[in-house]
Each structure stands twice: as C-alpha cells, then as structure tokens.
1. Of all residues in the stretch 19-37, which are part of a helix (DSSP H, G or I) and either under 18 Å from residue 7 (Cα atoms) or in contact (Cβ under 8 Å) with a residue 12 or more places away in the chain (or both)?
2. Looking at the stretch 38-50, I want the residues that are closer than 16 Å to residue 1 by Cβ and of a type in the set (A, V, I, L, M) and have a partner that is part of a helix (DSSP H, G or I) and open to solvent by less than 100 Å² (accessible area, probe 1.4 Å) with Cβ atoms under 6 Å, at least 6 apart or on another chain. Which pairs are those?
3. With the requirement that a residue be in a helix (DSSP H, G or I) and surrounded by fewer than 15 Cβ atoms within 10 Å (Cβ to Cβ), what does the stretch 40-50 give you?
4. Looking at residue 10, is it in contact with a Phe, Trp or Tyr (Cβ under 6 Å, 6 or more places away or on another chain) and modelled with pLDDT of 95 or more?
5. Here are some conditions: (1) among the hydrophobic types (A, V, I, L, M, F, W, C); (2) modelled with pLDDT of 95 or more; (3) open to solvent by 60 Å² or more (accessible area, probe 1.4 Å). Residue 53 meets all but one. Which one does it not meet?
6. Would you pick out the residues in the stretch 1-33 that are under 16 Å from residue 54 (Cα atoms) and exposed (fewer than 12 other Cβ atoms within 10 Å of the Cβ)?
Amino acid sequence: MIYYFNQYSISKNNVEFHIRYETIPEEGRAENCVGCGLCETLCPQKIKIPALMEEIAALKSELSRSRFD
C-alpha cells in the first residue's frame, strides 16, 4: 500500500492508484487501520505508519469522491 501511495505521489495517476488499492485485501487497507502503533514500533525505518495510513485513507476517500462526482 505504501508503494502504491508513493507511486501515486510521483505520477498523480488517480485511476492507477484506485485500481491497485482495490487489490489490497479489505483488512489490510488504510481506512481499517486502528492506529495502535504496533507496526511503528517494529518498523526498522521508523516510519510513522499510523499517520501515513490516515493520509492514505484520506487520499483514497478524496479520489473516490472526485471519481464519482
């Protein structure tokens, strides 16, 4: 998911991001992150994963709305 987000950040290709995001199993999608922070404590790169999941979920929501407006 973070890879798809990074690719979108470079390409700004809404359709590609949406299609790739839909391949992620429901339980692994950003909008289902509970923000517990466990992943962040295990991340060797010290990425602020819960904050990133919020950003990705917001982007997905925004792109979904604009796609169907």
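The values are calculated or read from the model by the stated rules, or taken from the named source; none is laboratory data. Keep in mind the model is a prediction, meaning the values are calculated, not measured. Because the Cβ atoms are built from the backbone with ideal geometry, glycine has one as well, and the counts that use them run over all protein chains shown. The accessibility values were calculated without ligands, DNA or RNA, using every heavy atom of the protein model including side chains. Shrake-Rupley method; radii C 1.70, N 1.55, O 1.52, S 1.80 Å.
1. Within the stretch 19-37, 19, 20, 21, 28, 30, 31 qualify.
2. Sorted first by the residue in the stretch 38-50, then by its partner, the pairs are 49/39; 49/40.
3. Of all residues in the stretch 40-50, those in a helix (DSSP H, G or I) come to 40-42, 49-50.
Correct list: 41, 42.
4. no
5. For residue 53, the failing item is (3).
6. 3, 6, 9, 26, 27, 28
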